[in-house]
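Step one of this worksheet: look at the structure below.
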Amino acid sequence: MAIESMDTRDEEAPLVVDVSGGETPKSRTRDVHILSCAFLLIFLAYGAAQNLETTINSEGNLGTVSLGILYVSFAFFSLFASLVVRVLGSKNAVVLGTTGYWLYIAANLKPTWYTMVPVSLYMGFAASIIWVGEGTYLTSIARSHAIDTGLHEGTVIGNFNGEFWAVFALHQFVGNLITLAVLPKGTEGSTGSTSLLFIVFLCSMTLGLQQAFVWASYTKDIVNPTLGEAGVGGAMAVYGAFDAICSLVAGRLTSGLRSITVIVCGGAFFQALILLWLLLKYSATSGVLGVIYPLLMAAFLGIGDGVLNTQLSALLALLFKHDTEGAFAQLKVWQSSAIAVVFFLSPVVTLQTMVEIMVGAISVSLVSFLFLTLKVEKAFSSHQVTNM
């Protein structure tokens, strides 16, 4: 899968699956609204359930292990996801992928090894196709919209991705407010409250997907010891709110490779700031600061997540014009592999070790990203000189 030049005026038209034939610019913006809201409904259930998985299903590390299995499955099936999406079509892939999330929430009503493990395996497949389908569909309608309206392709892709990730990020805010309401302080471990919570999530799905660190270590080792299980919902609601706001803002600021580079560096800075705080200074405390510190961390982690999600999606859409499905599939292979590693490591390593791993990973990733952008910028400049 080769990186394509960002200027393709003199090249053969990209082989992108057009799923928006016959649609008007107005209907395409409507499709972005619908797609964004559908993912919000799906993930407000799954996201909040995943945040609680390591604390509610802690016996025998069922929650942590099942999430690890889920992301190993996600990584494996992502290898074939682009082929599946090409066969099904991006819209059908999204619809089929939704079933995995529905079954995962249903399995949490009776969480045992016999229910959680098979469903986690299937959900890995569902997640692989729903995300490749989403990335392919959103990119296709963004390109068609840019052509029909005469707008700059990078700007439209940035705007569409910004809206999608902003609405999507609200799942952490809305879903965790539901958690906070249904699982109030003092009901930790209550079977009735937990069952009610998952039934609420199940209903919401029927009407409608660095993160692994937040889902696993942050909620278990930072929020839970100071705020309790009920506090996980509040902290993750803050995370979701800042994630949504920054996704929207970052999308609006995206115009091309240079803007993506600057914004990604800003997002990485916020992530690194929190990790260095945890590594060098942070210790659990009581009183007001014991509440403020986890919420402040949630806000900064949300900022970083919103920026990185939006910009990486926009970058792939700009660079891999001839193989959009393959690009998004590869993204999910590496992303889900990393998340699986974090979930499997979480029960056996300390928070300090996990943070050290995260700091190292962010450093290597940022250096690699900057190297990539320099190479692409150089290749783009050479291509322009050749065509003059």
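Look through ALA107, ALA146, ALA142, ALA93 and report the one residue that is of a type in the set (A, V, I, L, M, F, W, C), touching a Ser or Thr at 6+ places or on another chain (Cβ under 7 Å) and open to solvent by less than 20 Å² (accessible area, probe 1.4 Å). I'd like the intermediate steps shown before the answer.
Values: ALA146 fails: touching a Ser or Thr at 6+ places or on another chain (Cβ under 7 Å); ALA142 fails: touching a Ser or Thr at 6+ places or on another chain (Cβ under 7 Å); ALA93 fails: touching a Ser or Thr at 6+ places or on another chain (Cβ under 7 Å).
Result: ALA107 is the single residue among ALA107, ALA146, ALA142, ALA93 that is of a type in the set (A, V, I, L, M, F, W, C), touching a Ser or Thr at 6+ places or on another chain (Cβ under 7 Å) and open to solvent by less than 20 Å² (accessible area, probe 1.4 Å).
On the basis of being in a helix (DSSP H, G or I), farther than 19 Å from LEU308 by Cα and over 15 Å from the mean Cα position of the chain (by Cα), does LEU151 make the cut?
On the way: in a helix (DSSP H, G or I): no; farther than 19 Å from LEU308 by Cα: yes; over 15 Å from the mean Cα position of the chain (by Cα): yes.
In short, no.
Within the option set GLY256, GLY234, being surrounded by fewer than 20 Cβ atoms within 10 Å (Cβ to Cβ) and of a type in the set (Gly, Ala, Ser) holds for one residue only, GLY256.
The numbered conditions (1) assigned to a helix (DSSP H, G or I); (2) more than 18 Å from the chain's Cα centre (by Cα) are all true for ASN309 except (2).
Quick test for you: out of GLU4, GLU23, GLU53, GLU59, pick the one residue that is modelled with pLDDT of 75 or more and touching a helix residue (DSSP H, G or I) at 6+ places or on another chain (Cβ under 9 Å). Full working, then the answer.
On the way: GLU4 fails: modelled with pLDDT of 75 or more; GLU23 fails: modelled with pLDDT of 75 or more; GLU59 fails: touching a helix residue (DSSP H, G or I) at 6+ places or on another chain (Cβ under 9 Å).
Only one candidate passes the filter, namely GLU53.
Conditions tested, residue by residue: (1) of a type in the set (Phe, Trp, Tyr); (2) open to solvent by 30 Å² or more (accessible area, probe 1.4 Å); (3) at pLDDT 80 or above.
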site	(1), (2), (3)
HIS152	no, yes, yes
PHE160	yes, no, yes
GLU163	no, yes, yes
ALA166	no, no, yes
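Restricting attention to segment 272-314, the residues that are farther than 15 Å from ILE222 by Cβ and open to solvent by less than 10 Å² (accessible area, probe 1.4 Å) total 7.
The values are calculated or read from the model by the stated rules, or taken from the named source; none is laboratory data. Being a predicted model, the structure only gives us computed values, none of them experimental. No Cβ is skipped: glycine too gets one built from the backbone with ideal geometry, and neighbour counts run over all protein chains shown. Calculation scope for accessible area: heavy atoms of the full protein, side chains included, ligands and nucleic acids excluded. Shrake-Rupley method; radii C 1.70, N 1.55, O 1.52, S 1.80 Å.
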